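The values are calculated or read from the model by the stated rules, or taken from the named source; none is laboratory data. None of the values given here were measured: they were computed from a predicted structure. Here the Cβ positions follow ideal geometry from the backbone for every residue, glycine too, while neighbour counts run over all protein chains shown.
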Amino acid sequence: MAEHGGGRALVEAIGREFAEFEPPAAATTGDGPLDWPGYAEQRARAADRCGSDESVVCGRAWLGAREAVLIAFDFGFLGGSVGQEAGARIAAAFERARELRLPVVSLVASGGSRMQEGIRALRQLQVIAHACLLTRRERIPHITVLRDPTTGGMWAALAAAADVVLGLPGAAVAFGGARVRGGTDGEEFRAEGKFEDGQLDRIVPEDELPEQLTELVELLHPARLPRPPEPAPVPAALTAGTPARSGLESLRRARAEGRPRAREYLEAYFERCFEISGDRAGGRDEGMICGFGDRDGRTIAFAAQCGTANAPAGFRTAARLIRLADQLGAPVLTLVDTPGAANDAAAERGGVGPAIAEVFTAVAEARVPVTTLVIGEGGSGGALALAAPERTWITSDAYFAVIAPESAAAILKREEAEVPELAGLLRIRPEDLVELGFARGIAR
């Protein structure tokens, strides 16, 4: 799969039975809207070289057992730049996706707007953004692949607006191209840097791209996501414990090193998963696992805490996942396991309070059902944000508390020896939480 290969060759390498859409009527004649000297000859030479009359090729193809609409850029055609005709083709492809109810896969390699068409080219960013919005409203997923390079308006208006963003290793990704910025490219201008900064979901080697796109198209295909969706089933507990005799015993069980964690629950629950990553605002938190999974032929979204104190990026990623699931129509499963939100200086600077608020709001606004299982520690608001009102269950080796008993002792100026008593007074055992109406039951 050549980075700068022709658009048709690229889509044929990814899918099968590619059928190109009839392009909209051509809008560019002669030297274009600006009468740019030699522009017509530039286009003609690019067409001869690339075997295509524009920088994008659009059509439908099969990825595995599902069809998708593919939009592929050819960087060899004037740097993959977008003018009036390319913009019209992209917008028309999104329109066809809405008509056919097929996912959109955009394979981007572009230097941005075509300067030879001036403001007419720049305006295509608005056209494309509007096409993306209309498609999102119709619950059609958009998956993008950042190839080398993805810069300027096609990064900002098309690729960064996608529901899932994949990047090829080493791809240049930035709003300003290298020649515009000047200087050398650091990690922050590459796909790997964007991944670390939470702006990409994952880096995908070229030889794995067809398989991963096929998996994503299958999981997110509208045909798998009928409305209204049934709630996600409650996961079976991976331990069969007897009732805890005290609040302190519940604490010890939840904090035990050997108890099952989120990844073990996800592996037992799903046949396969596709994880997404990053808050799209500059951060990642490995203590929050988010994505979509396949269970008995159904797609279920998940947000799972891993037992750590979650950073703001983790909460924003969870909120993003819940909003995306609600948009597409997928039920949500959340796994709660955190001693509480991170509360250090970095977390405060990162906006941990507003980030938690985003999750509370996403859960409250969700039109799809959210199912929660508390699998370990349920530490205050950082845990409660992911818990579904009226649809929360708990395992026998978990607890939930308004505040950790140790912190309660500090606030009340009590001795450390009094922590066991406070753990009892707080009534944090699974049985207590069912009796108090917080949990619907104890998972078995």
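Numbers below:
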item	result
Within the stretch 32-50, considering residues that are of a type outside the set (A, V, I, L, M, F, W, C) and surrounded by 15 or more Cβ atoms within 10 Å (Cβ to Cβ), the one nearest to residue 15 (Cα to Cα)	43
Residue within the stretch 357-368 that is among the aromatic types (Phe, Trp, Tyr), more than 15 Å from residue 282 (Cα to Cα) and either in contact with a His (Cβ under 7 Å, 6 or more places away or on another chain) or surrounded by fewer than 22 Cβ atoms within 10 Å (Cβ to Cβ) (or both) present	yes
In the stretch 63-93, residue surrounded by the most Cβ atoms within 10 Å (Cβ to Cβ) [restricted to those that are of a type in the set (Gly, Ala, Ser) and part of a strand (DSSP E or B)]	72
Number of the exception - residue 279 against (1) closer than 19 Å to residue 294 by Cα; (2) assigned by TED's automatic domain parsing to the domain that holds residue 297	(1)
Residue within the stretch 134-147 that is acidic (Asp, Glu), more than 19 Å from residue 278 (Cβ to Cβ) and either at pLDDT 95 or above or out of contact with any helix residue (DSSP H, G or I) (no Cβ under 9 Å at 6 or more places or on another chain) (or both) present	yes
Some residue of the stretch 159-166 being surrounded by 16 or more Cβ atoms within 10 Å (Cβ to Cβ), farther than 30 Å from residue 423 by Cα and of a type outside the set (A, V, I, L, M)	yes
Pair list, Cβ < 9 Å and 6+ apart or interchain, from the stretch 265-288 residues that are β-branched (Val, Ile, Thr) to residues that are in a strand (DSSP E or B)	276/164; 276/165; 276/202; 276/290; 276/291; 276/292
When residues of the stretch 103-144 are limited to those that are touching a residue at least 24 places away in the same chain (Cβ under 8 Å), in a helix (DSSP H, G or I) and among the β-branched types (Val, Ile, Thr), the one farthest from residue 167 (Cα to Cα)	127
Residue 336, sole failed condition from (1) surrounded by fewer than 23 Cβ atoms within 10 Å (Cβ to Cβ); (2) modelled with pLDDT of 95 or more	(1)
Criterion: outside the structural domain of residue 61 (by TED's automatic domain parsing), touching a helix residue (DSSP H, G or I) at 6+ places or on another chain (Cβ under 6 Å) and under 30 Å from residue 160 (Cβ atoms) - qualifying residue of 304, 309	304
Any hit, the stretch 432-444, residues being of a type in the set (Lys, Arg) and in contact with a Leu (Cβ under 8 Å, 6 or more places away or on another chain)	no
Some residue of the stretch 53-62 being more than 25 Å from residue 214 (Cα to Cα), surrounded by fewer than 19 Cβ atoms within 10 Å (Cβ to Cβ) and at pLDDT below 95	yes
Test result for residue 36, assigned to a loop (DSSP other than H, G, I, E, B) and either at positive phi or among the aromatic types (Phe, Trp, Tyr) (or both)	yes
Subset tally (residues that are crowded, with 18+ Cβ neighbours inside 10 Å and either on the phi > 0 side of the Ramachandran plot or in a loop (DSSP other than H, G, I, E, B) (or both)) for the stretch 398-426	5
